[in-house]
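Undergrad: Could you have a look at this structure, given as structure tokens, before my questions?
Every read-out reported here was derived from the displayed coordinates using simple, explicitly stated rules and does not represent laboratory data. For clarity, every value in this text was computed on a predicted model and none was experimentally measured. As a convention, Cβ positions derive from the backbone with ideal geometry for all residues, glycine included, and neighbour counts pool all protein chains shown.
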Amino acid sequence: MAKVANISRSTYYFIVRSWEQPDPDRKWKRRLAFIYRKHQGRFGYRRITDVLQEKGNIINKKKVYRIMRELGLQCIVRMKKYKSYKGEIGKAAPNILDRNFKADRPNQKWVTDVTEFKLFGQKLYLSPILDLFNGEIITYTIQSRPTYELVGNMLKQGLERLNEDDNLILHSDQGWHYRMPKYKRTLKQNNITQSMSRKGNCYDNAVIENFFGIMKSELLYLQEFHSIDHFKEELEEYIHYYNHLRIKSRLKRKSPVAYRASFEQAA
């Protein structure tokens, strides 16, 4: 027969009373779970801490991390991207951006790239422009084939956001779209400086790569879609969410659009 450990009367009653006490983290668990569900699992412990602190709650990241682990709440894993480099077409531009991803104002530095989706046995290609000032998605195009129009139409839409006094650098990888003469000509006609990553170096365009990873994790691998059209609708809603609702620590816990609005108001 196994021996039963003897405990003192005071220890026994302490244990019994602890069982009867309410969970001290009960309110935090409710709040964390609400934020997690509201953002459909897209927020990790750091961003959830930012949301709580922005609302005046006193809680640190270690405690949020611990509670999320207890609740089994995790962010989604990111996946790899589509490679748009198809060989030597035209002339590559120098790497003027040189991994300096900080911008002091809107429309100073933009980055772009193409990524691929596979849905319902078909492929879709997304081409966005991201402003390094606030991480905002300026515009995007999506097509079933990665033709030049995918990038050309994106650039045309992006030009509508520019002001006459903007001095813009537009950075990309060395994908064939960006080496086409008409793409380069459009940039020159609008006084835009072209910059390109070094060949085979994804870190030179790390910010747009990071956006693709986040977007695929928070949309493509998170939801179920009924059709290609349904996916496009959800993509449009997600980019609105990303620009208007998804806060970032480096933007003083504001969304990209809110941060830009506060900058323009102060200027």
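Undergrad: Could you line up Ser262, Ser255 from fewest to most neighbouring Cβ atoms inside 10 Å?
TA: Ser262, Ser255
Undergrad: Also, I was wondering about something else. Quick one: helix 45-54 against the long Cα principal axis of the chain, what's the angle to the nearest 10°, folded into 0 to 90?
TA: 80
Undergrad: Another question about this same structure. Using the Karplus equation 6.51 cos²θ - 1.76 cosθ + 1.60 (θ = phi - 60°), what ³J(HN,Hα) coupling, rounded to whole Hz, does each residue of the stretch 238-245 give in order, writing x for Gly and Pro?
TA: Here the 3J(HN,Hα) series is 5, 5, 5, 4, 4, 6, 9, 10 Hz.
Undergrad: With θ set to phi - 60° and the Karplus curve 6.51 cos²θ - 1.76 cosθ + 1.60, what are the ³J(HN,Hα) couplings of the stretch 39-44 in order, to the nearest whole Hz, using x for Gly and Pro?
TA: After applying 6.51 cos²θ - 1.76 cosθ + 1.60, I find 9, 6, x, 7, 9, x Hz.
Undergrad: Starting with the highest mean, order 125-138, 194-207, 240-253 by the number of other Cβ atoms within 10 Å, averaged over the residues of each peptide.
TA: Sorting 125-138, 194-207, 240-253 by mean packing, highest first, produces 125-138, 194-207, 240-253.
Undergrad: Taking R0 as 22 Å, what's the FRET efficiency between Phe120 and Thr147 from their Cβ-Cβ distance, rounded to 0.05?
TA: 0.60
Undergrad: While we're looking at this one, here's another question. How far, in degrees from 0 to 90, does helix 256-266 lean away from the longest principal axis of the Cα atoms of the chain, to the nearest 10?
TA: The helix 256-266 is inclined about 70 degrees to the chain.
Undergrad: Taking the DSSP beta bridges in the stretch 109-266 as the whole, what percent of them are antiparallel, to the nearest 5?
TA: 70
Undergrad: Taking square-rooted eigenvalues a ≥ b ≥ c of the alpha carbon gyration tensor, is the stretch 109-266 rounded, prolate or oblate, where a/c under 1.5 means rounded and, failing that, a/b exceeding b/c means prolate?
TA: Oblate, since a/c reaches 1.5 and b/c is not below a/b.
Undergrad: Right, next: Can you sort Phe263, Phe212, Phe34 so the residue with the fewest Cβ neighbours within 10 Å comes first?
TA: Taking fewest neighbouring Cβ atoms as first place, the list is Phe34, Phe263, Phe212.
Undergrad: Among Arg69, Arg42, Arg179, whose mean-square fluctuation peaks in a Gaussian network model of the chain (Cα, cutoff 10 Å)?
TA: Of the options given, Arg69 has the highest mean-square fluctuation.
Undergrad: Let me ask you something else. Calculate one ³J(HN,Hα) per residue across the stretch 210-223 by plugging θ = phi - 60° into the Karplus curve 6.51 cos²θ - 1.76 cosθ + 1.60, and present them in order as whole Hz with x for glycine and proline.
TA: 5, 4, 4, x, 5, 5, 5, 5, 8, 10, 4, 9, 9, 10
Undergrad: Near Gly41, within a Cβ-to-Cβ distance under 12 Å, what is the net charge of the other residues, with Lys and Arg +1 and Asp and Glu -1?
TA: My count for the surroundings of Gly41 gives +3.
Undergrad: A follow-up question, please. Among Ile48, Ile59, Ile67, which one shows the highest mean-square fluctuation when the chain is modelled as a Gaussian network with alpha-carbon springs under 10 Å?
TA: Largest GNM mean-square fluctuation: Ile59.
Undergrad: Moving on. Over all directions, the average projected area of the alpha-carbon convex hull for the chain comes to how many nm²?
TA: If you wrap the Cα atoms of the chain in a convex hull and average its projections, you get 21.8 nm².
Undergrad: With a point put 7 Å past each Cα toward its Cβ, work out how far His244 is from Asp165 in nm, to one decimal.
TA: Computed distance between label sites His244 and Asp165 equals 2.9 nm.
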